[in-house]
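Data block below; observations after.
The values are calculated or read from the model by the stated rules, or taken from the named source; none is laboratory data. Bear in mind that the values here come from a model prediction, so they are computed numbers and not experimental data. In this analysis, Cβ positions are derived from the backbone assuming ideal geometry, glycine residues included, and neighbour counts consider all displayed protein chains. Please note that ligands, DNA and RNA were not included when accessible areas were found on the heavy atoms of the full protein model with its side chains. Shrake-Rupley method; radii C 1.70, N 1.55, O 1.52, S 1.80 Å.
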Amino acid sequence: FPVTIWPVREIAVDQNGFIWVMGAVSQSAFYVINPSTETIVKSLFTMSSNIWEHNVLRFDPVNNLMWSIKDNRSSPQTATVVGISTVDYTETVTINLMASSSYFFIRSMSVDTDKGELWVYYSNNTIRVYRCSDGVLLDTLTSSFVGSNTYMQYVSEKQSMLVYHYNTDGYEIWSTTSYDVTNTFTTPLEYPSKYNAVNNRVYGTSLDLISNLSTVAYFNWDDPTT
């Protein structure tokens, strides 16, 4: 059913089965939708800063928080990650990401949905791990990938964070328990978007830019060459 005349930038689902949608850059309102009644539960305009296209919605089921990036590229530049309570819809946890005078774009983030930890990737190849409940910085990690085309996704079956670099088709697997890289590899899976690990296989969608067709492919987690 129609919710907004603006393009929907992101979509996520909370513990109630409610759907969260975020509007495009120019109109960054949030709507929380009850799909069973097809009604808007809440309209949130508190996140209406200049958010840009790399923002994401990530749900933390441990603390019942929905995370998004507030990224204001005006002067002075500021960037925060905000956890909005999915119970009372207030901005519960705010993490200031401007740790130095040097500004690096926030390229991606994902939530460890088992431990309730937020992983944030910066374009200067830094990964920071925060505790979702209070925003405390737990660790700062260094990725081998540098640049804007890097994405990450938590794979709960492996308790690992899969980090992918768009330009090189390179992968890093980070353990979310030890914060160490457990594997690095490359695969022929061009332009993947989503992953899931089942029975030691990682499944992903792949876009062929020549045919403009998408396919679903997989590779083995421990040995991606097979």
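In region 207-226, the residues that are aliphatic (A, V, I, L, M) form Cβ pairs under 6 Å with partners that are at pLDDT 75 or above, at six or more places apart or across chains, as follows: LEU207/SER214. When residues in region 199-223 are screened for being open to solvent by 50 Å² or more (accessible area, probe 1.4 Å) and not polar (S, T, N, Q), 11 of them pass. Any residue in region 129-145 that's under 17 Å from MET66 (Cα atoms) and of a type in the set (Phe, Trp, Tyr): show its pairings with residues that are in a strand (DSSP E or B) and open to solvent by 50 Å² or more (accessible area, probe 1.4 Å) at Cβ separation under 6 Å, as long as the two are six or more apart or on different chains. Qualifying pairs under 6 Å: TYR130/LEU137.
Would you mind stating whether PHE219 is in a strand (DSSP E or B), modelled with pLDDT of 75 or more and in contact with a Pro (Cβ under 7 Å, 6 or more places away or on another chain)? Judged against the criteria, PHE219 is not a match.
Considered as a group, the residues in region 25-39 that are among the polar types (S, T, N, Q) and at pLDDT 85 or above include one that is nearest to GLU10 (Cα to Cα), and that residue is ASN34. Residues that are open to solvent by less than 40 Å² (accessible area, probe 1.4 Å) and either in contact with a helix residue (DSSP H, G or I) (Cβ under 9 Å, 6 or more places away or on another chain) or aromatic (Phe, Trp, Tyr) (or both) were ranked within region 105-162; the one that is farthest from PHE219 (Cα to Cα) is TYR130.
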